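**Q** Sharing a structure with you now.
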Amino acid sequence: MYDALGGVIALSILWSVTPALALIGLTLDTRLGQAAFLAGWVLLGPVTTAAWSVAASIARRESVGVRSLPAALRTQWLAGLLFFLVDGGIGWLLLANVRFYLNSTLGILGRVLPALGEGIRVGHLVGFVWLAPLVLWVLAQLYALPLLVADQSSAGVALRRAALLVVDNIWFTLALALVVTAISAILLLTGVGAFALLPGVLAVLTTNATKALLAKYEPTA
């Protein structure tokens, strides 16, 4: 138990270096600050994927230490970078569609999307329809990284499998999302907890949750 807790703390602290680097870069109006900001964002995907790889080791009750994250980073570098590019691109596209339609005016869409009553337009309704895949994408994040690490699959395969898990286990997923939100809020309020525990706790929690769901689909003897 104490080994696992030590692994979670070490994982959280090491992961926190990356966003801290980006935040420090924002405060420095110099070339060094710009370089730090860029490095922080470029490293975020690979380091996060490596963190979930270490979390998988913790879930398997393997011994982890300070060197575990750098070791995982060497193997997960490209997969993490590609995953965050693909995943971020999908999220940005979905959010852009929702914002476009919800903020649409008659001057933009009036020729093809007539008004439905005062203050309500078809464009707005389309925006609400786009909320469904956006929410699905958000919930899929709970399983995407554990699946990416476990299967060593591509970003597209991991996201597709994560979305299928959400649809097939919607109540479990909503409960997990509430737990993740509650833990995040509590640890963020503590300040130190967000730095020393939050990344590791979320990585281990979502990894174990994904592992529990996948067990349902394993053939029984």
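The values are calculated or read from the model by the stated rules, or taken from the named source; none is laboratory data. Remember, predicted model here, so these are calculated numbers, not experimental data. Using ideal geometry, Cβ is built from the backbone for each residue, glycine included, and neighbour counts are taken over all protein chains shown.
**Q** Yes or no: segment 76-98 includes at least one residue that is surrounded by fewer than 15 Cβ atoms within 10 Å (Cβ to Cβ), part of a helix (DSSP H, G or I), at pLDDT below 85 and in contact with a helix residue (DSSP H, G or I) (Cβ under 8 Å, 6 or more places away or on another chain).
**A** Taking every residue of segment 76-98 in turn, none turns out to be surrounded by fewer than 15 Cβ atoms within 10 Å (Cβ to Cβ), part of a helix (DSSP H, G or I), at pLDDT below 85 and in contact with a helix residue (DSSP H, G or I) (Cβ under 8 Å, 6 or more places away or on another chain).
**Q** List every residue pair whose Cβ atoms sit under 6 Å apart, with the two residues 6 or more apart in sequence or on different chains, where the first one lies in segment 189-217 and is under 25 Å from LEU147 (Cβ atoms) and the second, anywhere, is part of a helix (DSSP H, G or I) and not hydrophobic (A, V, I, L, M, F, W, C).
**A** Correct list of pairs: LEU197/SER12; PRO199/SER12; GLY200/SER12; THR206/PRO146; THR207/PRO146; THR210/TYR143; THR210/PRO146.
**Q** Among residues belonging to segment 1-19 that are among the β-branched types (Val, Ile, Thr) and either touching a Lys or Arg at 6+ places or on another chain (Cβ under 7 Å) or at pLDDT 75 or above (or both), point out the one that is surrounded by the fewest Cβ atoms within 10 Å (Cβ to Cβ).
**A** VAL17
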